[in-house]
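The values are calculated or read from the model by the stated rules, or taken from the named source; none is laboratory data. Quick caveat: nothing in here was measured; it's all calculated off a predicted structure. Cβ atoms come from the backbone with ideal geometry, glycine included; neighbour counts cover every protein chain shown.
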Amino acid sequence: MIIAPAEPGDLAKLLAFREEAAEWLSALGSDQWSRPYPADRLAATIANGTVFMVRDGEATAATITLTSAAEDGLWTDEELSEPSLFVNKLTVARTHAGQNLGGRLLDWAGDRAFRASARWLRLDAWTTNSALQRYYLRQGFEHVRTVREGGAVNGGPRVSGWLAQRRTCLANHGFVDVTPAPEPLLEP
């Protein structure tokens, strides 16, 4: 399998991934990702070079967004002073579930973050999705805290405020990586 930067033509596939994941999560009783993601915001992240796709031949098997920008209101100033990369929108196609692609993508992200001189790989997970939280703990993340207030709409409840992090390190993720070398992070 190859990991490569997403291209503008991947937008429809990424939106379909999100919809497929939302349907699967709904069947499990979760409201995660129940609201459609704005296509223009996704197109902007593709243009910024922060979205990556795992391709298995002609099929797209998974996607991950990896960025140096943290969502407002989640991490403290002290935490933000530490060089970090942030995982978003990790999604595996249902056709490729059960193959540890998510774990391998997290290893790839930690490897990429390490090569960019980041100390931490961080993420925020859906506050009510305890199965997802347990998954990240099994992947070596440590729970930092859960932020419940200060959501994007009128400062209301935050739906994705379960914060976790793990140290970055070189990793054997098993992908053929055709992404450009990461830019080194500057100390804040």
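The table for this structure:
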quantity	calculated
Residue that is surrounded by the most Cβ atoms within 10 Å (Cβ to Cβ), among those in segment 74-93 that are in contact with a helix residue (DSSP H, G or I) (Cβ under 9 Å, 6 or more places away or on another chain) and more than 24 Å from Ala43 (Cβ to Cβ)	Ser84
Top-ranked residue of segment 70-101 - restricted to ones that are of a type in the set (A, V, I, L, M) and more than 12 Å from the chain's Cα centre (by Cα), ranked as farthest from Ala171 (Cα to Cα)	Leu74
Pairs where the first residue, in segment 159-188, is in contact (Cβ under 8 Å) with a residue 12 or more places away in the chain and the second is outside any loop (DSSP other than H, G, I, E, B) and surrounded by fewer than 11 Cβ atoms within 10 Å (Cβ to Cβ), C-beta under 8 Å, 6+ apart	none
Near pairs, Cβ below 6 angstrom, 6+ apart or cross-chain, from segment 42-64 (among the hydrophobic types (A, V, I, L, M, F, W, C)) to any residue that is assigned to a helix (DSSP H, G or I) and modelled with pLDDT under 90	Leu42/Leu14; Ala43/Leu11; Val51/Thr45
Every pair of residues 6+ apart whose Cβ atoms lie under 7 Å, when the first sits in segment 68-84 and is charged (D, E, K, R) while the second is part of a loop (DSSP other than H, G, I, E, B) and surrounded by fewer than 16 Cβ atoms within 10 Å (Cβ to Cβ)	Glu82/Arg119
Condition met for Ala70 (buried (at least 19 other Cβ atoms within 10 Å of the Cβ), modelled with pLDDT under 95 and within 29 Å of Ile2 (Cβ to Cβ))	no
Tally, over segment 109-130, of residues that are surrounded by 14 or more Cβ atoms within 10 Å (Cβ to Cβ), more than 16 Å from the chain's Cα centre (by Cα) and modelled with pLDDT under 95	1
Residue list for segment 107-119, restricted to those being assigned to a helix (DSSP H, G or I) and not charged (D, E, K, R)	Trp108, Ala109, Gly110, Ala113, Phe114
Any hit, segment 94-103, residues being exposed (fewer than 14 other Cβ atoms within 10 Å of the Cβ), over 26 Å from Leu14 (Cβ atoms) and modelled with pLDDT under 95	no
Residue within segment 131-140 that is assigned to a loop (DSSP other than H, G, I, E, B) and either at pLDDT 95 or above or in contact with a Leu (Cβ under 9 Å, 6 or more places away or on another chain) (or both) present	yes
